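Colleague: The following block contains the structure, expressed as structure tokens.
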Amino acid sequence: MVKRSKLEEKLAMKNESGWVTMKKKEKNIFSFCKGYMDFLCNAKTERGAVSEILKIAEKNNFKNIKNMKNLKPGMRVYAVNREKNIALAVVGKKPVENGLNIVVSHIDSPRLDLKPNPLYEDKDAGVALFKTHYYGGIKKYHWVNVPLALHGKIIKRNGEPVDIKIGENSDEPVFIIPDLLPHLSKNLQDKRKLPEGVKGEELNILVGSMPVKDKDVKEKIKIAVLEKLNKKYGITEEDFVSAELEAVPAGIPRDIGFDKSMIGAYGQDDRICAYTSLAAINETETPEKTGAALFVEKEEIGSEGNTGMKSMFFEEFVSEIVRLTKLSNMEFSRKTLTEKTSVAEFTTDYSEIKVKNALSNSKALSADVNSAFDPTFKEVFESRNASKLGFGVVLTKYTGARGKAGASDASAEYVGKIRKLFNDKKIAWQTGELGKVDEGGGGTVAKYLAEYNMDVLDCGPPILAMHAPCEVSSKADVYSAYEAYKAFFGSEV
Ligand code: MN
Ligand code: MN
């Protein structure tokens with residue numbers, strides 16, 4: 001490392017690797033990341049992530065808010081929305097209407113969903129396949145020749161649910177989309193532009209090739225697959241209509257590099273922020289301001305739907321916290337109340353304006369990843385304003401495309417507060433923009449949080465090969481994100 005002059009030290013922005021500034025924490029970094037990699041194994045879909053988050057939260061004393069009679073400082077609660085969206089909170093000492101400290105991450109990742117009528121037989125090829133409908137922003141050619149596992153849920157004709165998870169254990173089969181061999185791709189495929197190299201309707205997954213012996217059956221291979229599925233899961237073809245089945249890369253996260261300093265895994269955007277904010281809120285005890293970690297899905301398709309950031313779920317959760325903390329505030333008067341007093345009378349101190357105040361006085365970190373500076377495709381980045389792998393959690397003042405279209409540009413005041421907090425706590429952080437101004441762009445949940453009139457800043461680790469079946473993160477950045485969210489929950493920014 002080049003030593004900086006006194007003048008540089010005084011005036012210029014620091015630009016040091018997190019591995020240098022966090023040298024003393026190296027052991028903690030590696031052990032923390034083991035937990036993160038374990039989490040990723042079971043959190044490959046939003047349902048998987050919710051069930052893992054819930055398991056960890058319950059171990060850390062979070063209770064279902066539905067079962068609470070009142071809430072007092074230090075109490076820990078959660079709410080689950082449709083198995084795909086979850087919120088946790090630790091009640092603070094100050095009234096909730098003074099605002100919460102909120103960290104929001106998303107637990108959906110780009111993948112291949114099965115179509116509602118997915119199964120077909122190709123008689124010419126003698127195989128059965130599933131039709132897929134890709135979800136989120138993918139480069140389609142990434143998904144061919146990659147071993148795939150199937151995760152999800154099927155609701156049968158009689159209403160009974162069946163959970164599906166196949167392809168993760170070594171004794172289970174995986175599935176694959178076979179690409180065209182190079183020997184024959186010269187005319188058909190090689191002349192296409194890269195995004196069309198493999199087209200959406202060409203993402204067909206191989207699922208079987210053995211026919212049934214029954215000579216009266218027309219589609220022998222398709223029926224053979226259905227027979228297997230019926231035996232194993234009790235399902236019929238129509239059941240696919242009421243199902244959510246996701247094909248995701250099979251296998252476990254791996255260390256990357258001789259130094260094992262990086263992690264290669266599917267779905268790190270944005271479960272890297274989900275895990276680190278979960279770890280941070282788990283370690284938060286009786287903060288000044290109520291802390292909340294929210295895990296949403298559908299971010300990759302615009303935060304739509306009742307389990308995405310645009311859903312009223314989080315607002316309801318905050319309303320419930322306001323209501324239940326008001327009950328506890330009024331508990332002193334319980335003795336003076338008669339048996340006939342209804343719960344409604346306990347809630348007289350609750351009002352809609354208190355919920356609105358709670359939201360607008362809140363501070364939020366939109367915990368999502370940024371793109372790490374790519375060593376091979378440097379031209380799309382503006383290096384002074386690109387985040388680098390291993391240089392710490394990224395403060396992204398704004399996202400968006402071109403002239404900041406679609407961005408929630410955080411104010412200088414709010415960025416100033418977060419920057420000061422991170423500097424005071426000696427957290428490795430850097431700044432970043434997603435590529436050159438006119439190169440492309442992207443967005444996060446930040447703008448939907450900002451609709452509540454709260455301060456929001458994008459803050460998460462940088463990722464290489466974002467949205468690829470195997471995304472790359474730096475263990476130093478995973479740890480600095482965890483430290484950043486923990487400092488935020490413990491602060492009064
Ligand atoms: Mn993301
Ligand atoms: Mn994404």
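Colleague: Among residues belonging to region 433-475 that are more than 16 Å from ligand 2 (Cβ to nearest atom) and among the small types (Gly, Ala, Ser), point out the one that is nearest to Leu359 (Cα to Cα).
Modeller: This residue is Ala450.
Colleague: Next up: Does region 21-57 hold any residues that are surrounded by fewer than 15 Cβ atoms within 10 Å (Cβ to Cβ) and not in a helix (DSSP H, G or I), and which are they?
Modeller: none
Colleague: Suppose we keep only residues that are within 16 Å of ligand 2 (Cβ to nearest atom) and assigned to a loop (DSSP other than H, G, I, E, B) within region 358-373. Which one would you say is surrounded by the most Cβ atoms within 10 Å (Cβ to Cβ)? Walk me through how you get there before you give the answer.
Modeller: Of region 358-373, the ones within 16 Å of ligand 2 (Cβ to nearest atom) are 366-372.
Next cut, assigned to a loop (DSSP other than H, G, I, E, B) only: 367-369.
Details: Ala367: 33, Asp368: 26, Val369: 30.
This residue is Ala367.
Colleague: Further, regarding this structure: Examine region 286-294 for a residue that is within 16 Å of ligand 1 (Cβ to nearest atom), surrounded by 23 or more Cβ atoms within 10 Å (Cβ to Cβ) and farther than 29 Å from Arg76 by Cα, and state whether such a residue exists.
Modeller: Taking every residue of region 286-294 in turn, none turns out to be within 16 Å of ligand 1 (Cβ to nearest atom), surrounded by 23 or more Cβ atoms within 10 Å (Cβ to Cβ) and farther than 29 Å from Arg76 by Cα.
Colleague: Oh, and also: How many residues does region 227-275 hold that are of a type in the set (Ser, Thr, Tyr) and open to solvent by 50 Å² or more (accessible area, probe 1.4 Å)? Walk me through it before giving the result.
Modeller: Here is the first cut: in region 227-275, the ones of a type in the set (Ser, Thr, Tyr) are 233, 236, 242, 261, 266, 275.
Now drop any that are not open to solvent by 50 Å² or more (accessible area, probe 1.4 Å), which leaves 236, 242.
Result for region 227-275: 2.
Colleague: To continue, here is another question. Here are Val445, Val415: which of them is away from ligand 1 (no atom under 16 Å from the Cβ), of a type in the set (A, V, I, L, M) and open to solvent by less than 40 Å² (accessible area, probe 1.4 Å)? Explain how you work it out, then say what you get.
Modeller: On the way: Val445 fails: away from ligand 1 (no atom under 16 Å from the Cβ).
Val415 is the lone residue from the list that is away from ligand 1 (no atom under 16 Å from the Cβ), of a type in the set (A, V, I, L, M) and open to solvent by less than 40 Å² (accessible area, probe 1.4 Å).
Colleague: Right, next: Tell me which residues, restricted to region 69-90, are surrounded by fewer than 18 Cβ atoms within 10 Å (Cβ to Cβ) and either free of Cβ contacts under 8 Å to residues at least 24 places away in the same chain or at negative phi (or both).
Modeller: Result: Lys69, Asn70, Lys72, Pro73.
Colleague: Right, another one. Within region 418-439, which residues are open to solvent by less than 30 Å² (accessible area, probe 1.4 Å), among the hydrophobic types (A, V, I, L, M, F, W, C) and not in a helix (DSSP H, G or I)? If you could, list the steps in order and put the result at the bottom.
Modeller: Initially, region 418-439 is screened for residues open to solvent by less than 30 Å² (accessible area, probe 1.4 Å), giving 418, 421-422, 427-428, 430, 432, 435.
When the remaining residues are screened for being among the hydrophobic types (A, V, I, L, M, F, W, C), the result is 418, 421-422, 427-428.
Listed by number, the residues that qualify are Ile427, Ala428.
Colleague: Kindly provide the set of residues from region 463-472 that are away from ligand 1 (no atom under 12 Å from the Cβ) and either touching a helix residue (DSSP H, G or I) at 6+ places or on another chain (Cβ under 7 Å) or among the polar types (S, T, N, Q) (or both), ordered by number. Steps first, answer last, please.
Modeller: Step one: list which residues in region 463-472 are away from ligand 1 (no atom under 12 Å from the Cβ), which gives 464-465, 468-470, 472.
Of everything in region 463-472, those that are away from ligand 1 (no atom under 12 Å from the Cβ) and either touching a helix residue (DSSP H, G or I) at 6+ places or on another chain (Cβ under 7 Å) or among the polar types (S, T, N, Q) (or both) turn out to be Ala468, Pro469.
Colleague: So which residues in region 9-20 are loosely packed, with under 13 Cβ neighbours inside 10 Å and free of Cβ contacts under 8 Å to residues at least 40 places away in the same chain, if there are any at all? Even if it seems obvious, please write down each step before you answer.
Modeller: Step one: of region 9-20, the residues loosely packed, with under 13 Cβ neighbours inside 10 Å are 9-13, 15, 20.
Across region 9-20, the qualifying residues are Glu9, Lys10, Leu11, Ala12, Met13, Val20.
Colleague: If I ask for residues that are more than 17 Å from Met262 (Cα to Cα) and either in a helix (DSSP H, G or I) or hydrophobic (A, V, I, L, M, F, W, C) (or both), which ones from region 7-20 would you list?
Modeller: Leu7, Glu8, Glu9, Lys10, Leu11, Ala12, Met13
Colleague: Quick one: is Gly167 in contact with a Pro (Cβ under 7 Å, 6 or more places away or on another chain) and either within 16 Å of ligand 1 (Cβ to nearest atom) or open to solvent by 80 Å² or more (accessible area, probe 1.4 Å) (or both)?
Modeller: When the stated conditions are applied, Gly167 does not pass them.
Colleague: Taking region 91-133 only, how many residues are more than 30 Å from Leu359 (Cα to Cα), among the hydrophobic types (A, V, I, L, M, F, W, C) and in contact (Cβ under 8 Å) with a residue 24 or more places away in the chain?
Modeller: Total meeting the criteria: 7.
Colleague: Please give the strands (runs of 3 or more DSSP E) falling wholly within region 239-290 in which 2 or more residues are within 16 Å of ligand 2 (Cβ to nearest atom).
Modeller: It comes to 243-249.
The values are calculated or read from the model by the stated rules, or taken from the named source; none is laboratory data. This is a predicted model, so every value here is computed, not measured. Glycine also receives a Cβ, built like all others from the backbone with ideal geometry; neighbour counts cover every protein chain displayed. These accessible areas exclude ligands, DNA and RNA; they are computed on the full protein's heavy atoms, side chains included. Shrake-Rupley method; radii C 1.70, N 1.55, O 1.52, S 1.80 Å.
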